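Bear in mind these aren't lab numbers, they're just calculated from the coordinates by the rules spelled out. What you see is a predicted model; the values in this text were computed from it and never measured. In this analysis, Cβ positions are derived from the backbone assuming ideal geometry, glycine residues included, and neighbour counts consider all displayed protein chains.
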Amino acid sequence: MALDEYKPQTGKAMLEGEGRSFKQVGTSPDRPDGVDKVTGRARFGADVTAPGMLHAAIVRSPHAHARILKIDTSAAEALDGVKAVVTRADFATGLTGEMWNILENVMADKTALYDGHAVAAVAATSALIARDAAKLVKVEYEVLPHVTDVDAAMATGAPVIREGAADASVPPGLHPNVVRYHESGRGDVEAGFAEADLVIEDHFRTEATHQGYIEPHACLAQMGGDGKGELWCCTQGHWNVQKICAALLGTEQSALRVTASEIGGGFGGKTTVFIEPVALALSRKTSRPVKLVMSRSEVFRATGPTASTSMDVKVGMKKDGTITAMQGTFRLQGGAFPGAPADMTAMCAFAPYNVANLKQVGYDVMSNRPKQAAYRAPGSPMAAFATESVIDELCNQLGLDPIEVRLKNASREGTRASYGPKFQRIGLVETLEAAKAHPHYSAPLKPGQGRGVSCGFWFNFGGETSVSLALSEDGSAQLMVGTPDIGGSRASMALMAAEELGIPYENVRVTIADTASLGYNEVSHGSRVTYASGLATIQAARDAVRKLCGRAAAKWGIPEDAVKWENGCAVPSGPNAGDFDPLPIAEITASMGATGGPIVGHFEATPEGAGVSFATHIVDAEVDPETGKTAVVRYTVVQDAGKAIHPTYVEGQFQGGAAQGIGWALNEEYIYGEDGRLQNAVFLDYRIPVASDLPMIDTVIVEVPNPGHPYGVRGVGETSICPPLAAIANAVSAAAGVRLHELPMSPPRILEALERQRGG
Amino acid sequence: MSKIHVTTTVNGDAVEFLCDARETLLDVLRDRLNLTGAKEGCGTGDCGACSVTLDGRLVCSCLVLGAEAEGREIATVEGMANGEELHPLQQKFIEYAALQCGICTPGILVATKALLERNPDPTETEVRYWLAGNLCRCTGYDKIIRAVMDTAADMREAS
Ligand code: FES
Ligand code: FES
């Protein structure tokens, strides 16, 4: 495959997908796994068993920060039915870098670093016995001072989580808990602010939220003394699980075959491992299959929520709405390990705007909380909350229309992005125009209601991708992809394969291959699946089509390049046009054994042309001044999808992102007590939006093709959560008549803001 | 510890099992009867992924003890379709893309079936409040609500 076939192209040349009329792409057929999922037949992480299976339970630290003095497992081991106990001593030694971080998070060594940190694990003949045994493991702790707030963790005198964790990016003089530093920008912000007619600077905070997938992490591990193993688990990326588990167990990657179960939501939270190496270690120790399933409170306490933030943003604007300078400082708390997306937060913060003078600074800060994990466009929603709130305030004070101001300053094709490169073709302006034209934007508001608008941006990713497409004798196709289907991606893949092959959608069976059956596939993250696996599917199908054409050429005795593929048939072309009847796919495949063997199309590459994506959201909110409760009364998502392969599932991504954003903006937060323990580790207290909290969520799909994909696809999964925090904050601030600076905007916070305003 | 012997009916089939006094109905369905359609999202009655009916009443099976199933009639998502023929709700959920990951789907289907049996003509608000105990993190509920309303309309027309 020539590299330039999938590399982004520059210029305005007509794209391949543009103006093409698709036969199947762009329709919304029933998903291939629909019946499995509505009948209870689909098998998720916790839905499998194995003969002789044991059940495991994990012993977790009740302290936010404590030295582990002694672990006494004797009472647990003595319990009838207990087969093994593992501690850190049962894992590989000598790891460095991120693998060490992951191991340390999976099983504490000398220090428990957060409430819920794993310190030991038990395998027993039943789940009840395992849980009882876990309580019998006696751990002696020496409690250490802790810190869970980002600003407190950076302050002089804060307890040090781990000396020497900072990398070279961190300037001298900062607290050792600051472990990564990012600074970028251009122009001269001070000169830019001097040019402005109005400059506003404000401080914003967001609490950590959890991805809140309804399926807790679950796995079934089998490993023998020979170091060979099988692992079944719910994950967004099983090759990554294979790589990490092999390292943590000290075995070869190929010794471990990982199969991805159906996955009950991930949103970024299932891109790493938490329990899989533990189950494998217990299985290795007992030579029996071990099933390990997290409880909901374990999910909250010990998997990766988002980072919490403390941010300062300053924007200068002229009277006509021109932005003259933007500056931001973003402090992110990412738990007891490096990795909070301070850099991405800083890079996303001003991406929608074409501004000459910019400065963005990010701090990645450690604290005594669980290691953060990705959550849909990590960092971008928080950055947008701060930036878009300040822009909204500037519009209010200068009496300008928020969409006009955004249009005036919007990034376009050729604009140098705030984070460096030049934008290729992008659709921000188109989303703003569509939002402006939407009836929602001009609909009258009722008393007590406010309207908010925000833009949002996400990079999107490509990543290593491998796809294989095998044709059956009857001309149907079996597509193997390596990216777990989280939200209907089998349907999109089948559509693209069917489109290329010219066969019915129903004739494509899509399987998520295990790690032993396909080349490496990067995790399903970065909104990459429809883009990268889709691109690979198209190319694999084209590879198969070339082979099909070759068989027809041989049969007809004409050159291969004199055969083209149309409507599922090989057709002679050029000087041979009309010489032979079209040869349907099923006729070619029926005899493929005798004409050269099985026909399989492949594609393996690391596509790099994932087009960035923008969205504009409009929200109407109503605030009850008596109770402080906010109701979202109307919501419209406008987003650029490049090309919507399965429009109904694209809408679903838009709606899901908006709903999660509503929860983040209004309700959801990690609440830590003075003792450093998480106080709301159940769904009753960590309240995600329920059906009666939400309105219908209107969607507009904008299609500005991505030059880096044959059909123009841009990933859509993440951008949808970037604007809501700000859009809702702007609506709530308008409704309440007072600017809200802190998320979630829970009733007590709104009452407090109203109170302050009355008092002041 | 000695186990409790329970005789019950699940999706119309007579069933017997032994369970620990602490095991929930959800544990029994999933681990002893191999009916893994009902899911455990929380184990505390907050997510509805484990929804089943007990003598026709909608319950969170994680809040019912296995031993309490004695002599009762239990219905789970596995019993919703009639052989090959999907229940209209199941059909409509697929058609409307009312599921993304699908982990909440069994519980939501069982819950909405129970709703439509009681109230064949619910308003949007009634559907939303009825489903307030069934969490879905993927969809934002929009397509779920539409699928339920449309199924209700179809079923009214058919009856
Ligand atoms: S598992 Fe029963 S309500 Fe969540
Ligand atoms: S479809 Fe994923 S939780 Fe509802």
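Counting Lys +1, Arg +1, Asp -1, Glu -1, what net charge surrounds A:Ser527 among other residues with beta carbon under 13 Å of its beta carbon?
0
Using just the C-alpha positions of segment B:44-159 as equal point scatterers, what log10 of I(q)/I(0) does the Debye formula give at each q in 0.11, 0.23 1/Å?
-0.34, -1.43
Ranked by Cβ crowding within 10 angstrom, fewest neighbours first, how are A:Trp232, A:Trp565 ordered?
On the way: A:Trp232 26, A:Trp565 22.
Fewest-to-most Cβ neighbours within 10 Å comes out as A:Trp565, A:Trp232.
Given just the C-alpha atoms of segment A:563-680, how large is their convex hull per residue in cubic angstrom?
Cα convex hull per residue, to the nearest whole number: 280 Å³.
Can you pull the one-decimal nm distance between simple spin-label points at B:Asp13 and A:Thr322, each 7 Å off the Cα toward Cβ?
A separation of 7.5 nm, rounded to one decimal place.
How do A:Ser489, A:Ser692, A:Ser283 rank when sorted from fewest to most other Cβ atoms within 10 Å of their own Cβ? Each step should come with its number before you reach the end.
Details: A:Ser489 25, A:Ser692 15, A:Ser283 29.
Ranked by crowding around the Cβ, least crowded first: A:Ser692, A:Ser489, A:Ser283.
Which peptide among B:34-43, A:740-749 comes first, and what is the full order, when sorted by highest mean count of other Cβ atoms within 10 Å?
B:34-43, A:740-749
Give me the aspartates and glutamates in straight-line cross-link reach of A:Lys555: C-alpha distance below 13 Å, same-chain residues under 8 apart excluded.
The qualifying aspartates and glutamates are A:Asp579, A:Asp581, A:Glu587.
Taking the Cα centre of segment A:217-356 as the origin, how large is its charge dipole in debye, to the nearest 20, when only Lys and Arg (+1) and Asp and Glu (-1) carry charge on their Cβ atoms?
Dipole of segment A:217-356, to the nearest 20 debye: 200 debye.
Averaged over peptide A:654-665, how many Cβ atoms belonging to another chain are found within 10 Å of each residue's Cβ?
Values: counts 2, 7, 10, 2, 2, 7, 3, 1, 1, 2, 0, 0.
Mean shielding by partner chains, rounded to a whole number: 3.
Within segment A:585-599, find all residues whose amide N lies under 18 Å from a label point positioned 7 Å from the Cα of A:Asp474 along Cα-to-beta-carbon.
Answer for this model: A:585-593, A:599.
Which shape class, rounded, prolate or oblate, goes with segment A:646-760 when its Cα gyration tensor gives a ≥ b ≥ c as root eigenvalues, a/c under 1.5 marks rounded, and past that a/b bigger than b/c marks prolate?
Cα axes put segment A:646-760 in the prolate bin.
Please list, ordered by chain and number, the residues whose modelled amide H lies under 5 Å from the amide H of A:Val510; skip anything fewer than 5 residues away on the same chain.
When sequence neighbours closer than 5 places are left aside, the close amide H contacts are A:Leu479.
Counting alpha carbon pairs within less than 8 Å and at least 6 residues apart, what relative contact order, in whole percent, applies to segment B:88-158? It would help to have the intermediate numbers written out before the result.
Working: 65 pairs, mean separation 35.3, N = 71.
Over segment B:88-158, the number comes to 50 percent.
Going through the cross-link list A:Lys314/A:Lys408; A:Lys564/A:Lys643; A:Lys270/A:Lys371; A:Lys270/B:Lys39; A:Lys318/A:Lys359, which pairs have a Cα-Cα distance over 21 Å in this structure? Before the final figure, lay out each step's value.
On the way: A:Lys314/A:Lys408 19 Å; A:Lys564/A:Lys643 25 Å; A:Lys270/A:Lys371 13 Å; A:Lys270/B:Lys39 18 Å; A:Lys318/A:Lys359 18 Å.
Violating the 21 Å limit, Cα to Cα: A:Lys564/A:Lys643.
Of A:Ala356, A:Val405, A:Val241, which is farthest on the positive side of the dipole of chain A, counting Cα position, with +1 on Lys and Arg Cβ, -1 on Asp and Glu Cβ, and the Cα centre as origin?
The listed residue farthest towards the positive side: A:Val241.
Compute the FRET efficiency between A:Ser74 and A:Thr511 as 1/(1 + (r/R0)^6), taking r as their Cβ-Cβ distance and R0 = 51 Å, and round to the nearest 0.05.
Numbers: r = 47 Å, r/R0 = 0.92.
The calculated FRET efficiency here is 0.60.
To the nearest 0.05, what FRET efficiency results for B:Arg118 and A:Lys228 with a Förster distance of 41 Å applied to their C-beta separation? Let's see the in-between values first.
Details: r = 54 Å, r/R0 = 1.31.
The pair B:Arg118/A:Lys228 has a calculated efficiency of 0.15.
In whole angstrom, note down how far apart the Cα centers of segment B:86-159 and segment B:6-82 are.
Answer, in whole Å: 21.
Mind checking the dipole of the protein assembly as shown: about its Cα centre, +1 per Lys or Arg Cβ, -1 per Asp or Glu Cβ, Debye to the nearest 20?
I would put it at about 980 debye.
Which value in Å is the Kirkwood Rh of chain A over different Cα pairs?
27.4 Å
Quick check: the distance between the Cα centres of segment A:176-214 and segment A:692-760, to the nearest angstrom?
If you average the Cα positions of each part, the centres end up 18 Å apart.
For segment A:215-257, what is the Kirkwood estimate of the hydrodynamic radius, computed as the reciprocal of the mean inverse distance between distinct Cα atoms, to one decimal in Å? Each step should come with its number before you reach the end.
Values: mean 1/r = 0.0946 Å⁻¹.
Roughly 10.6 Å, rounded to one decimal.
May I ask for the net charge around A:Met294, where only other residues with Cβ less than 14 Å from the Cβ of A:Met294 are counted and Lys, Arg are +1 while Asp, Glu are -1?
+3
Hey, what's the Cα Rg ratio for segment B:4-79 versus the globular rule of thumb, 2.2 N^0.38 Å?
Details: Rg = 10.8 Å, N = 76, 2.2 N^0.38 = 11.4 Å.
Compactness ratio reported: 0.95.
How many nm separate the modelled label positions at A:Asp624 and A:Ala594, each set 7 Å beyond the Cα in the direction of the Cβ?
Result for the modelled spin labels: 7.7 nm.
Between A:Thr415 and residues 5 or more places away or on another chain, which pairs have amide H atoms under 5 Å apart, with H built 1.01 Å from N, and which residues are they?
A:Phe423
With θ set to phi - 60° and the Karplus curve 6.51 cos²θ - 1.76 cosθ + 1.60, what are the ³J(HN,Hα) couplings of segment A:145-159 in order, to the nearest whole Hz, using x for Gly and Pro?
x, 10, 8, 10, 9, 5, 5, 5, 5, 8, 6, 4, x, 5, x
Taking every residue in A:691-701, how many Cβ atoms of other protein chains lie within 10 Å of its Cβ, on average?
Mean number of neighbouring Cβ atoms from other chains: 5.
So what's the net charge close to A:Glu718: Lys and Arg +1, Asp and Glu -1, counting the other residues with Cβ under 11 Å from its Cβ?
So the environment of A:Glu718 carries a net charge of +3.
Across peptide A:167-175, how many C-beta atoms of other chains are within 10 Å of each residue C-beta, on average?
On the way: counts 0, 0, 0, 0, 0, 0, 0, 0, 0.
For peptide A:167-175, the averaged partner shielding equals 0.
Using each residue's phi in segment A:295-302, evaluate 6.51 cos²θ - 1.76 cosθ + 1.60 at θ = phi - 60° and report the 3J(HN,Hα) Karplus result to the nearest Hz, with x for Gly and Pro.
These are the phi-based 3J(HN,Hα) values: 7, 4, 5, 5, 4, 5, 6, 10 Hz.
Given the Cα-Cα distance of A:Arg43 and A:Gln253 and 0.36 nm per residue of separation, how much length would full extension add, in nm? Don't jump to the answer; show the numbers that get you there.
On the way: separation 210, 0.36 × 210 = 75.60 nm, distance 2.49 nm.
The A:Arg43-A:Gln253 span can extend by a further 73.1 nm.
Run the paramagnetic zone check for A:Arg20: 7 angstrom along Cα to Cβ, then residues of segment A:412-434 with backbone nitrogen under 20 Å.
Under cut-off, by backbone N: A:425-427.
Using the 10 angstrom Cβ neighbour count as an exposure proxy, how do A:Ser591, A:Ser733, A:Ser613 rank, fewest first?
Result, fewest neighbours first: A:Ser591, A:Ser733, A:Ser613.
Work the Kirkwood hydrodynamic radius out for segment A:453-529: mean of 1/r over every pair of different alpha-carbon atoms, inverted, in Å.
Answer for segment A:453-529: a Kirkwood hydrodynamic radius of 13.7 Å.
Pop a pseudo-label 7 angstrom from the Cα along the beta-carbon direction at both B:Thr125 and A:Asp675 and give the gap in nm to one decimal.
So the two model labels end up 4.3 nm from each other.
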